[in-house]
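To keep things clear, I will list the structure first and then write my remarks on it.
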Amino acid sequence: MTDNPQLFDAIVVGSGMSGGWAAKEFCEKGFKTLVLERGRNIEAGTDYVGENSAPWDHKFRDQLTPKMKVKNPIQTNCYAYKESTEQFFAKDSENPYSHEDDKPFIWIRGDQVGGKSLLWARQTYRWSELDFEANKKDGHGVDWPIRYKDIAPWYDYVERFVGVSGSKEGLSQLPDGEFQPPMEMNCVEKDMKEKIDNHFDDRTLIIGRTAHLTEPTQEQLSLGRGKCQFRNQCQRGCSFGAYFSSVSATLPAAKRTGNLTLISDAHVTSIIYDEESGKASGVQVINRKTNERTIYNAKVIFLCASTLGTNQILLNSKSASMPNGIVNSSGTLGHYIMDHHMRAGARGIHLGFQDKYYKGRRPTGLYIPRFRNLNDDNEQDYLRGFGYQGSISRALWPEQGENKGIGASFKEEMRKPGPWNMTLYGFGETLPYKENRVTLHPTKTDKWDVPQVHLDVGFSENELKMRKDMVASAMEIMRVAGFIDIEPMDRDGVPGMVIHEMGGAVMGRDPKTSILNSHNQCHDVPNIFVTDGAAMASSACQNPSLTYMALTARAVDFAVTQMKAGLL
């Protein structure tokens, strides 16, 4: 084991959504910062090998093959996994984990600098007061130690840097933000919005709020970012930097300060605890290429290694006084694991507007904000709620390719777009159940002898009841909007499939029932912070990445204040 003599001000574990923000904030505040990324290094643009390619440029026309599914049976469950994006996903063979036999869990992982920020669907929504109060009001999970007013200024700060396009709607359950101009709905979507607004008092249709630049600021242009080109090939990487990723935005901002050191292929296995000082002194790292083991030291450690990655590190960090994992005096480390549940909704056909089409490939869809259980009196037979995401488009020739025919008239017909199709599916909140947990397997390890993650996570009766409403309400909305041939959808939801895993090192008010305080600082070890999905005390129903980023910027601001005061 080599002990690196350099003492950094901060170590950030992970370079994705939250890790990039931690790096940017520390570096811009003048602190020497080390970012440790377990995946390979990549350079923006240069390593976007699938960008701008056509289907025929790929051996299998950018489709999954049986061989790919056998080679990567877990990662290929992700909608974004194709020939053009395969390089951005972890290899299942190198990242084993286990789960209870009757409780499958799909763990999707990015494996490069930038992590899953290169792959995310970019839907960007604020949480509301309703979400931060929910645990206290219905008694599930632990009470959030913050409320909307505490994070609202940090949402502002993050949105301005990220670049979020969207429309202001004045909804209390989905607060407005600092938006760039929204993308435009097509003719059927506008018609659907009008019908919904006229028919329902409790729901509306809006354009998806998405992390794409539609009117770049000078700050964004200075980082080499540009306006969205409406190619909708975002998961391949975007040389324009039009969609937000840590590779296009936060890491370049950190790098230009001269305060950033980034090491890739650095598998952080554990945190080193100093019994005498009561603080963490550094982290142990294995180089994934050479197997060399190194200790890096810093005054402050930010864990941004992804929800399950962070839990694995904390559970594997043990000392004489903390035999069950560092920062685990409460016994709650690894508990309250959550993911959204989806794949429940409806699809249908609209026969109107046959003389209309649309331009470009818009990289966002539609959103119907949560409309269930918004008041204190719960009107449904389940708790919390869901929002809908979806899209409307005309069927193209590939979708008609299985039609039978021959001759000139058949070919001419193939040139015409088909009917308007819509898919509307819910994103439902999962309650924070303490029994949903992650542990370390007692005997199984990965190739570097690090104990494997073991998951015991499932959905319960509340989620099953909610799914029935997700289907019924989607069908009702589509009927009101004039769709026909409406079909219900309810494919079995498996935890992990939404790729919004959260929990395990949750924020709370009481050190006896939580891991982190209101500033994402560990109750037990004050110089360890957790700002990725592991910190979340509940899941709400909105996409969570914006909240991770806002919590990270807020936590760094607090840590810097403490460091300057000599308290860390």
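The values are calculated or read from the model by the stated rules, or taken from the named source; none is laboratory data. Computed from a prediction, not measured in an experiment: that's the story for all the values here. Don't worry about glycine lacking a Cβ; one is built from the backbone with ideal geometry, like all the others, and counts go over all protein chains shown. Quick note on the areas: whole protein, heavy atoms, side chains included, nothing else; ligands and nucleic acids left out. Shrake-Rupley method; radii C 1.70, N 1.55, O 1.52, S 1.80 Å.
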Approximate spin-label separation Asp376-Arg491, in nm, with each point projected 7 Å along Cα-to-Cβ: 4.2 nm
Whole-Å distance, taken between Cα centres, linking the range 342-363 and the range 170-239: 16 Å
C-alpha long axis of helix 129-138 to longest principal axis of the chain, angle in °: 70 degrees
Whole-angstrom gap from the range 463-511 to the range 1-63, using each part's C-alpha centre: 32 Å
Per-residue SASA entry for Asp469, accessible area with 1.4 Å probe, Å² rounded to 10: 20 Å²
Spatially proximal aspartates and glutamates relative to Lys468 (Cα-Cα < 16 Å; intrachain offsets below 8 disregarded): Glu379, Asp381, Glu429, Glu476, Glu487, Asp490, Asp492
In degrees, nearest ten, helix 148-162 long axis to first principal axis of the chain (Cα): 70 degrees
Semi-axes of the equivalent ellipsoid for the range 315-431, Cα gyration tensor, largest first, Å: 49, 22, 12
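For the chain, what does the accessible surface come to per residue with a 1.4 Å probe? Please give it in Å².
Accessible surface, normalised per residue, equals 40 Å².
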Selection from Pro451, Thr561, Asn517, by position along the positive dipole direction of the range 445-568 (Cβ): Thr561
Farthest positive-ward along the range 167-278 dipole, Cα basis, beta-carbon charges - from His267, Pro181, Gly237: Gly237
FRET efficiency for Leu396 and His199, using Cβ-Cβ distance with R0 set to 25 Å, rounded to 0.05: 0.25
Between helix 461-480 and the chain: long-axis angle, C-alpha atoms, 0 to 90°, nearest 10: 30 degrees
Computed magnitude of the charge dipole of the range 420-568 (debye, nearest 20; Cβ of K, R +1, Cβ of D, E -1): 420 debye
Percent carbon-and-sulfur accessible area, the chain, ignoring ligands, DNA and RNA, probe 1.4 Å: 49 percent
Estimated inter-spin distance, Glu184 and Asp355, nm [label 7 Å along Cα→Cβ]: 1.8 nm
Probe 1.4 Å, all protein chains present, accessible-area order of Tyr358, Tyr155, largest first: Tyr358, Tyr155
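Mind checking the full-extension length gain between Leu7 and Arg509? Use 0.36 nm per residue of separation minus the Cα-Cα distance, one decimal, nm.
Here the segment from Leu7 to Arg509 would lengthen by 177.5 nm.
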Of Gly208, Tyr336, Leu383, farthest towards positive along the dipole that unit charges on Lys, Arg, Asp, Glu beta carbons give the chain: Gly208
Neighbourhood net charge (10 Å Cβ-Cβ; Lys/Arg +1, Asp/Glu -1) for Phe459: -2
Anchor Lys444: lysines whose Cα lies under 20 Å away (excluding residues fewer than 8 positions away in-chain): Lys91, Lys103, Lys318
Zero-based 10 Å bins, Cα pair distances in the chain, whole percents: 3, 17, 29, 28, 15, 6, 2, 0, 0
Residue-by-residue Karplus 3J(HN,Hα) for the range 284-295, coefficients 6.51, -1.76, 1.60, Hz, glycine and proline x: 9, 10, 10, 6, 5, 8, 9, 6, 5, 10, 9, 9
Shape parameters for the range 234-298, alpha-carbon atoms, Rg then Dmax in Å: 16.3, 50
Computed accessible area, Asp492, all protein chains, 1.4 angstrom probe, square angstrom: 130 Å²
Order by protection proxy (mean Cβ within 10 Å, highest first), peptides 16-27, 328-339: 16-27, 328-339
Label-point separation in nm, Asp92 to Ser239, each point 7 Å along Cα→Cβ: 3.3 nm
Whole-Å distance, taken between Cα centres, linking the range 512-558 and the range 282-324: 18 Å
Global geometry of the range 361-514, whether rounded, prolate or oblate, following the gyration tensor of its Cα atoms and the 1.5 cut on a/c: oblate
